[in-house]
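One structure below.
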Amino acid sequence: MTPDLVGGLESPDYASHDRAAHEPYAPVFTGEVRRELDELLTHYPTKMAALLPALWIVQRERGWVSEEGMVEVADLLELTPAYVKGVVTFYTMYHQHPVGRYFIQVCTTSPCGICGAEDVLKAFVRHTNTGDLGLTSPDGRFTVIEVECLGACGFATPVMINEEFIESVTPEKVPDILARLA
Ligand code: FES
């Protein structure tokens, strides 16, 4: 894994996700990653309690959580695949398909909407060359989505790029924000 650093925090490794999406499934939890899970399990009273961090490990390693990844986690934690899928689909932080190296979330809920969030969203789509929401740019770098309230309604428009939180984004600021992403 080659960690990507945005905002000083370790982000999922998206480098080879597109290729991985079309290859035969290879288990995530082998070698060092399996040892990491085993150590993780010592911190929880039950295997089920470790479901969220286990899924996060899958996403960190593969860039997203595939159906096969859900089954692997279910087997290891002695859960049903349906239960694991229910959790994955509940939390928007888990990607159910490959995404760009930079996953951009723009709040467009009403308080931000009346402050121009739609224009910010359009600026990200235009300047990332993704073409539309949810699609990944041809260079594999960007995916842009709109999300519900990010909890910073007084700082419209808030945007999350991987783990970095950016407040008061305007369409004019978008090119500079993207330019500093290596
Ligand atoms: S409505 Fe946009 S952050 Fe709350």
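In nanometres, what is the gap between the two model label sites at Thr42 and Asp139, each 7 Å from Cα along Cα-to-Cβ?
4.4
Among His95, His43, which comes first, then next, by fewest other beta-carbon atoms within 10 Å?
By the 10 Å Cβ count, ascending: His43, His95.
Do any chymotrypsin sites (Phe, Trp or Tyr not before Pro) in the stretch 89-182 lie in a loop, going by DSSP, with at most 15 other beta-carbon atoms within 10 Å of their beta carbon, and if so which?
Loop-located and lightly packed - Tyr91.
How large is the translational diffusion coefficient of the stretch 114-182 in µm² per second when you combine the Kirkwood radius over alpha carbon pairs with Stokes-Einstein at 4 °C and 1.567 mPa s?
The estimated diffusion coefficient comes to 106 µm²/s.
Would you mind ranking Trp56, Trp64 so that the residue whose beta carbon has the fewest other beta carbons within 10 Å leads the list?
Trp56, Trp64
Send over the Kirkwood Rh of the chain, from the inverse of the averaged 1/r over different Cα pairs, rounded to one decimal Å.
Hydrodynamic radius (Kirkwood, Cα only) of the chain equals 17.4 Å.
Multiply the residue gap between Ala49 and Glu167 by 0.36 nm, knock off their C-alpha separation, and tell me the result in nm, one decimal place.
Taking Ala49 through Glu167 to full extension adds about 39.2 nm, to one decimal.
Run down the aspartates and glutamates and flag those whose C-alpha is under 12 Å from the C-alpha of Lys122, throwing out any fewer than 8 positions away in its chain.
The reachable aspartates and glutamates, counting only those whose Cα sits under 12 Å from Lys122, are Asp132, Glu146, Glu172.
Among all the lysines, which ones have a C-alpha under 17 Å from Lys85's C-alpha, if same-chain residues fewer than 8 places away are not counted?
Lys47
Identify the GluC sites (Glu not before Pro) of the stretch 35-70 meeting these criteria: DSSP loop state and at most 10 other C-beta atoms within 10 Å of the C-beta.
Within the stretch 35-70, no GluC sites (Glu not before Pro) qualify (loop, at most 10 other Cβ atoms within 10 Å).
For the stretch 157-174, just list the computed ³J(HN,Hα) in residue order, Karplus coefficients 6.51, -1.76 and 1.60, θ = phi - 60°, integers in Hz, with x standing in for Gly and Pro.
These are the phi-based 3J(HN,Hα) values: 9, x, 9, 10, 10, 6, 9, 8, 9, 10, 9, 6, 7, 10, x, 5, 7, 4 Hz.
How far apart, in nm, are two points set 7 Å out from the Cα along the Cα-to-Cβ line at Val71 and at Asp119?
In this crude label model, Val71 to Asp119 measures out at 4.9 nm.
I'd like the distance separating the alpha-carbon centroids of the stretch 80-109 and the stretch 27-54, in whole Å.
That distance is 20 Å.
Calculate, for Asp132 and Ala82, the FRET efficiency according to 1/(1 + (r/R0)^6) with r their C-beta to C-beta distance and R0 41 Å; round to the nearest 0.05.
Result of the calculation: an efficiency of 0.85.
Distance in nm between label sites at Thr92 and Glu148, each 7 Å beyond Cα in the beta-carbon direction?
Modelled inter-label distance: 0.8 nm.
Mind putting a number on the dipole of the chain about its Cα centre? Charges go on the C-beta only, +1 for Lys and Arg and -1 for Asp and Glu, and I need it in Debye to the nearest 20.
160
Every number here is computed from the coordinates shown, using simple stated rules; none is lab data. Because the structure is a prediction, the values reported are computed rather than measured. Cβ coordinates were reconstructed from backbone atoms using ideal geometry, including for glycine residues, and neighbour counts include every protein chain displayed.
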